[in-house]
Amino acid sequence: MLDIVQQAPKAATVRLRGVSKSYTLDGAPFHALRDVDLEVRPGSFLAIVGPSGCGKSTLLRLIAGLDIAYDGEISLAGARITGPGLERGLIFQEHRLFPWLSVQDNVALALENAGMTARQKREAIQEHLTLVGLGGFERAYPRQLSGGMAQRAAIARGLVSRPEILMLDEPFGALDAITRVHLQTELQRIWELERITMVLVTHDVDEAVFLGDRIVVMAARPGRIQEVIENDLPRPRDRTGIDFGLLRERVLTALGEKVAPTYEV
């Protein structure tokens with residue numbers, strides 16, 4: 001079988017310089033993003049948090065190459081991003097599994113254009129389904145899975161092509177609180193094993209603090225970076241700890257929320 005850790009892809013830096021994105025709504029310009037400068041470090045876990053309408057998902061789509069009509073520059077390993085590529089995986093809030101395909105066949109779709117033999121593909125699919133805790137569910141169909149299990153399958157599909165960077169657009173937003181917390185822990189475990197670059201978009205401040213090495217706080221209208229906060233809390237992170245609570249309050253303050261101090265220091 002493939003060795004996930006030893007065959008992890010060589011990480012590359014993503015750079016955004018002066019990135020702006022505008023739309024036309026009802027005949028008037030709408031500025032989704034304005035002058036965004038950001039560097040995503042190789043192998044890091046970047047969390048982007050902000051209110052609805054601040055351009056978080058738009059930013060992710062631009063990095064993924066799903067939209068190339070923008071001003072500024074977005075590059076990966078020094079090369080301008082001009083469209084989608086296997087080196088960039090994207091996971092959405094909805095799992096987007098095809099209901100007529102089994103779990104293993106859904107994951108296999110990500111390998112259609114991969115330069116691998118049939119055996120290598122089978123091994124990679126099995127390895128990644130095991131990685132996300134879906135060993136034994138290879139032949140199950142999406143309708144037979146819980147919401148959390150379906151999202152695990154989507155994560156396996158995003159990882160199986162060995163991308164340099166995996167982008168996650170509010171991947172746990174539609175799940176109940178208990179499942180969301182559990183999958184956050186699982187995602188952290190997977191990141192520690194894979195060591196690929198991950199970029200997470202979320203509206204959940206606790207999720208951003210729990211997962212991110214750096215937390216990008218965005219402001220809306222136009223979408224722009226309000227603050228970038230380094231998160232050096234040791235892993236695994238204690239959600240009930242004082243330092244976790246203080247960092248959470250700092251993020252909320254950057255978001256413009258008035259927060260009463262929770263701890264005395």
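The values are calculated or read from the model by the stated rules, or taken from the named source; none is laboratory data. Quick caveat, the model's predicted, so the values are computed rather than measured. Note that we place each Cβ from the backbone using ideal geometry, even for glycine, and neighbour counts take in every protein chain shown.
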- Message: Among the listed residues 99, 51, identify the single one that is out of contact with any Lys or Arg (no Cβ under 9 Å at 6 or more places or on another chain) and not polar (S, T, N, Q).
- Response: 51
- What pairs can you find where one residue is in the stretch 30-41 and at positive phi, the other is surrounded by fewer than 22 Cβ atoms within 10 Å (Cβ to Cβ), and their Cβ atoms are less than 7 Å apart, with a gap of 6+ or different chains? 35/18; 35/20; 35/224
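Within the stretch 131-146, how many residues turn out to be outside any loop (DSSP other than H, G, I, E, B) and either outside the structural domain of residue 118 (by TED's automatic domain parsing) or out of contact with any helix residue (DSSP H, G or I) (no Cβ under 7 Å at 6 or more places or on another chain) (or both)?
The total comes to 2.
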- Which one of these does residue 150 not meet: (1) at pLDDT 90 or above; (2) more than 20 Å from residue 101 (Cβ to Cβ)? (2)
- Query: Taking the stretch 181-211 on its own, how many of its residues are farther than 16 Å from residue 240 by Cα, more than 14 Å from the chain's Cα centre (by Cα) and either among the aliphatic types (A, V, I, L, M) or not in a helix (DSSP H, G or I) (or both)?
  - Reply: 1
- Quick one: would you say residue 101 is without any contact (Cβ under 8 Å) to a residue 60 or more places away in the chain, surrounded by fewer than 20 Cβ atoms within 10 Å (Cβ to Cβ), closer than 27 Å to residue 149 by Cα and out of contact with any helix residue (DSSP H, G or I) (no Cβ under 6 Å at 6 or more places or on another chain)? yes
- Of all the residues that make up the stretch 104-121, how many are of a type in the set (Lys, Arg) and surrounded by 15 or more Cβ atoms within 10 Å (Cβ to Cβ)? 1
- Scan (1) of a type outside the set (Phe, Trp, Tyr); (2) closer than 24 Å to residue 152 by Cα; (3) surrounded by fewer than 20 Cβ atoms within 10 Å (Cβ to Cβ); (4) outside the structural domain of residue 145 (by TED's automatic domain parsing) for the single condition residue 94 breaks and write down its number. (4)
- Message: Just the residues that are more than 25 Å from residue 13 (Cα to Cα) and either in a loop (DSSP other than H, G, I, E, B) or without any contact (Cβ under 8 Å) to a residue 24 or more places away in the chain (or both), please, taken from the stretch 158-180.
- Response: 172, 173, 174, 175, 176, 177, 178
- Meets criteria (on the phi < 0 side of the Ramachandran plot, among the aliphatic types (A, V, I, L, M) and outside any helix (DSSP H, G or I)) for residue 155: no
- Task: Take the residues in the stretch 73-92 that are out of contact with any Pro (no Cβ under 8 Å at 6 or more places or on another chain) and of a type in the set (A, V, I, L, M), then tell me which one is modelled with the lowest pLDDT.
- Result: 77
- Note on the structure: Residue set 156, 208, 177; condition small (Gly, Ala, Ser) and touching a helix residue (DSSP H, G or I) at 6+ places or on another chain (Cβ under 6 Å); output residue 156
- Scanning the stretch 105-120 for residues that are farther than 9 Å from residue 160 by Cα and part of a helix (DSSP H, G or I) gives 105, 106, 109, 118, 119, 120
- Mind listing just one residue for me: the one in the stretch 209-236 that is in contact with a Cys (Cβ under 9 Å, 6 or more places away or on another chain) and among the basic types (Lys, Arg) and, of those, modelled with the highest pLDDT? 224
